[in-house]
1. So, how do all the Cα-to-Cα distances of region A:173-309 break down into 10 Å bins, in percent, from 0 on up?
2. Could you state the angle between the C-alpha long axis of helix A:237-246 and the longest principal axis of the C-alpha atoms of chain A, as a value from 0 to 90 degrees rounded to the nearest 10?
3. Of C:Gln85, C:Gln157, C:Gln209, which is the most mobile in a GNM of chain C whose springs link Cα atoms less than 10 angstrom apart?
4. List the residues of region A:431-445 whose backbone N lies under 19 Å from a point placed 7 Å from the Cα of A:Glu403 along the Cα-to-Cβ direction.
5. Could you tell me what fraction of 2.2 N^0.38 Å the Cα radius of gyration of region C:215-275 comes to, as a two-decimal ratio?
6. Would you calculate, for chain B, the mean residue ellipticity at 222 nm contributed by helices, counting each DSSP H stretch of 4 or more residues as -39,500 (n - 2.57) and dividing by all residues, to the nearest 500?
7. Do the sum for chain A: with -39,500 (n - 2.57) for every DSSP H run of n ≥ 4, divided by all residues, what is the mean residue ellipticity at 222 nm, to the nearest 500 deg cm²/dmol?
8. Please state the charge dipole magnitude for region A:13-145, taken about the Cα centre, from unit charges on C-beta atoms (+1 on K and R, -1 on D and E), reported in debye and rounded to the nearest 20.
Amino acid sequence: MNTWEYAESIESSSIVNIEKKYGIFIDGKFQTAKSKKFIKTISPSTEEVLSSISVGNKSDINSAVDSAKSGLKIWSKLSGTERAKYLFKLARLIQERSREFAVLESLDGGKPIKESRDFDLPQVAANFFYFAGWADKLDISWNTKGLKPYGIVGQIIPWNFPLLMLSWKVAPALATGNVVILKPAESTPLTALLFAELCEEVGLPPGVFNLVTGDGTTGAALVQHPDISKIAFTGSTAVGKYIQKETADRDIGLTLELGGKAANIVFNDAAIDQAVEGVVNGIFFNQGHVCCAGSRLVLQEDIHDEFVSKLEKRMQSLRVGNPLDKNTDIGAINSKEQLNKITSLVDEGVAEGGSIFQTECDLPSNGFWFKPTLFTNAQPSYKIAREEIFGPVLTTLTFRTPEEAIEISNNTEYGLSAGIWTEKGSKILWAADRLQAGVIWANTFNKFDPSSPFGGYKESGFGREGGRHGLLSYLKVQS
Amino acid sequence: MSLTKESQNTLNWSSTVELIDNLRVDEVGLKERVASLATRSIKKDSKLQALNYIVSMCDLTTLEGEDTEGKIGQMTAKAIRPDPSNLEVPSVAAVCVYPALVSKAKEMTLNSDVKVASVSSYFPSGQAPLESKILDTQFAIDQGADEIDIVINRKAFFEGDYRKMYDEIIALKEVCKSVHLKTILEVGELRTYENIKKASLISLAAGSDFIKTSTGKISNGSSREACYLMAKAVWDYKTVTGFKAGIKVAGGIRDSKDAIRYLVIVNEELGGEWLHPDYFRFGASSLVDDVLKQIKKLKTNAYQSSYYFPRG
Amino acid sequence: MNEVKKTYKNYVGGKYVRSESGKTFRIELKNNFYEVPLTSRKDIRDAVVAAKKGFAGWQKLTPYNKTQVLYRLSEMLEGNIDTYQQILEDSGLTKVKAKQDIKMASDSLIWFAGMADKWEQMTGNLNPVAGDFFNISHQESIGVIFSLNTNENSLNQLLLSILPSLTTGCSVISFSESNSILALKLAEDINNSDLPSGALNIMSGNFSQVIDDVSNHVEINAMAIYKDITKDEKIIIRENASKSLKRIFIKPSTSGLESLLPFLETKTVWHPKGR
């Protein structure tokens, strides 16, 4: 059999310079944390240790808040134009050091360099460019002069798109005149630490951007601090609920961007080949570590076999392997815990009666890996059809009528995103009106833009990030 | 090596209608997929392998009013031995010429594996009655052509007379008998992705062994999107009939980098089996020189100039 | 007698060109003389051809790209502050006033750069029509704009006569008179920026000589007159414009969202919603 194997094409990691140990970033510079606790951050594709990072404690959070207070004094006196200029400069620097950031992101988190280079980093720069341009025109953003920044904002971000999530949080917060204390995810702190260096380089006034690394305890300390006026959190629904409960006795702003179990609906009049691409992208992009992943394929029964056969063929061409290989499509699972979670849910899926298809591929012996997986013959009651797996696992459910498709899609506590595949325009609009999801992709999937508001319905959270509407997450009505 | 299939690879008209009814292609999604395939990084051995594939898949082409027997002599020599300084480089698959030059081309390639392909059917426009196209084709075959490249009747296509387009190809395939038939779609004129897919499926159903993107005579030649679409059509056709057709891309593929991107599409959409001159061809003239330069660069690690390679 | 310091050229279609008439006029700045093009009707015709191409090129860029291009222009300007400072002082401004003007110009450019990917979110909207219809109104750029600069010696005013139309995606023919040096100098920064050729053209001359040609030219989609003109001039412009319904804006606003609105054409699209 004739085959053409692609040779390795490795992106060199010599461009990054990782310190052995990191402190926290407050008062405009790196400092030793008060907490003496450190944890290791590893590369999930090789399990090699990359660095030691501080686990910030209550005392560190207090220092960060003090720093933020000073920062706010300076920041609130600057004009919108001045704030804009800082953000434009940051955007520029990010562009210039894109390659470095991309390699670091792939090393620390496990995602393919192709994604971090072609998706994450360009989006990061774009977010800073976009929000820079709002800083000096807030007065006309919502036709009202009654909106003001919160002041000190606490932000907690996840490990699936570390630097991108940083840009979604930090850019609008600073543009609107707030100052930030950011807590990156435990397993992926390195690009945030490099970003702090850029803040130093552009001369961002001390205290405007503060970074405290750590684990769940650090996040809790941040959430609990009484002088934080607003909290923005992206992560699991469970932790989101905890935060809402924990802050019940305070009048603070809160935006939550949580989990999802999105339905990707394929009608029989879809452009099938492109729908296959969209479904594959929907669940296998970023190893399925995506809150808005299209993890349920809601497929019209009369095209089931044809579609599944094309889907399986397409899945087989996905390349799983070294994130730094430019030809890798699917990288490593972010952590051992996540891998265990995925594995157990998949095992349950098989036990419940789902038929499983997994691609044939060689997995490296070190690191955390999972093969692209497809379940058919699954029922809406199965755990794999209800619980967020957060991995490269797609569950297929069938429908017969358009109403049924909507019912099945809405039959979940989540409501972050949905996909609609049909070439009939009126059906797209009809379905979009009825789907309970904050982001609806028609004949496409996983499209993001700084100008396009993103956020969920129901237990996928509340508040929007991005766009004109995203500004409202960081502005409050002046009382 | 036989590239020919007798009429078992045709579909009757009513089955063909089923195939082409309700064709749906999303342009934006398709472009994204093709762009994504273009990010493959082909290096080292896999690059050398690809470069050698490309040479072996080339149909060296000259289709000019000013072609003479002398010109054919030069080109066939190059076709047989593209790089005299490196005998590891394979011959190209074929030479492609106008019917008047077929017998000379045949004479010059007699003791080689290089095939002689001839255009016909009133190439490139196809604006002539079927009888003339049959005569044109028969003449080329009588002169010794191993392969025939015809053009589809775009007039019929754009007038909505798909049956006429289909019947013409059936008729010309009958003339060809066991001579390998490539059908040129002229994707630059068809423009929309639905048109390209429709024309591909009709051509396959009517018995084409290969579908080909372009005549190379208009400014919009081949595109990777067209190649991807045609690959989808070939795959769908194989799913329905079991028949494996081939694809030829021609018109505007000037360098190795681009050619390798085409191979990636074929590799990932159809599979390794299609990476063979029996199933994939490049219609090219200057492409071969760039490939030779790249092969030499891989061996010597130095950028090359075209004066090292003989003119064809 | 001081020598002629420099001959400036018009900047049209990404190239520096003299007037086809060969004519120039003299501008004196603090004891130095400069010869600048006296734009003729044929020059206007050529500029419109260039601006049409420029419009097509500028339209191809995404709003994000446009922001980046305009931001980069601000970076170019930053690099040449001393030159602009000198020209403004030579034109009679005090050092302090010149500095102020340049700062305002830079802030204006930043404001409009960041507006290129925002205005659509402020001007378009869905319409709540009765019935099962999706109905959206969105705005498109009008096209080729002829912009007449004020006679002020001000980099900020010059930019404000260009940026509103440019930011909304139109291509611009910017015309200056006695204060042309500043504009023709700006052309050099424009040339070094990533603005597509023809998107922004800079010309000098005497407006009264070309008023008919400009207001009669059907392919100039709108005229934005930032300078004070006489009543008679307004009449000429509006009467000529009426032959093709050219849009005319006399002294439009130069700041805020209002400054962009004249250069937008609203398009409303309906689509049914049904299974």
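1. With 10 Å bins starting at 0, P(r) equals 10, 29, 25, 18, 14, 4, 0.
2. 30
3. Taking springs between Cα atoms under 10 Å, the residue moving most is C:Gln209.
4. A:431-436
5. Relative to the rule-of-thumb radius for its length, region C:215-275 sits at 1.54.
6. Here the helix-only value at 222 nm equals -14500 deg cm²/dmol.
7. -11000 deg cm²/dmol
8. Computed charge dipole of region A:13-145: roughly 520 debye.
Where a number appears in this text, it was derived from the coordinates with a stated rule and is not lab data. This one's a predicted model, so the numbers in the text were calculated from it and none came from an experiment. Positions of Cβ are generated from backbone atoms using ideal geometry, with glycine treated the same way; all protein chains shown enter the neighbour counts.
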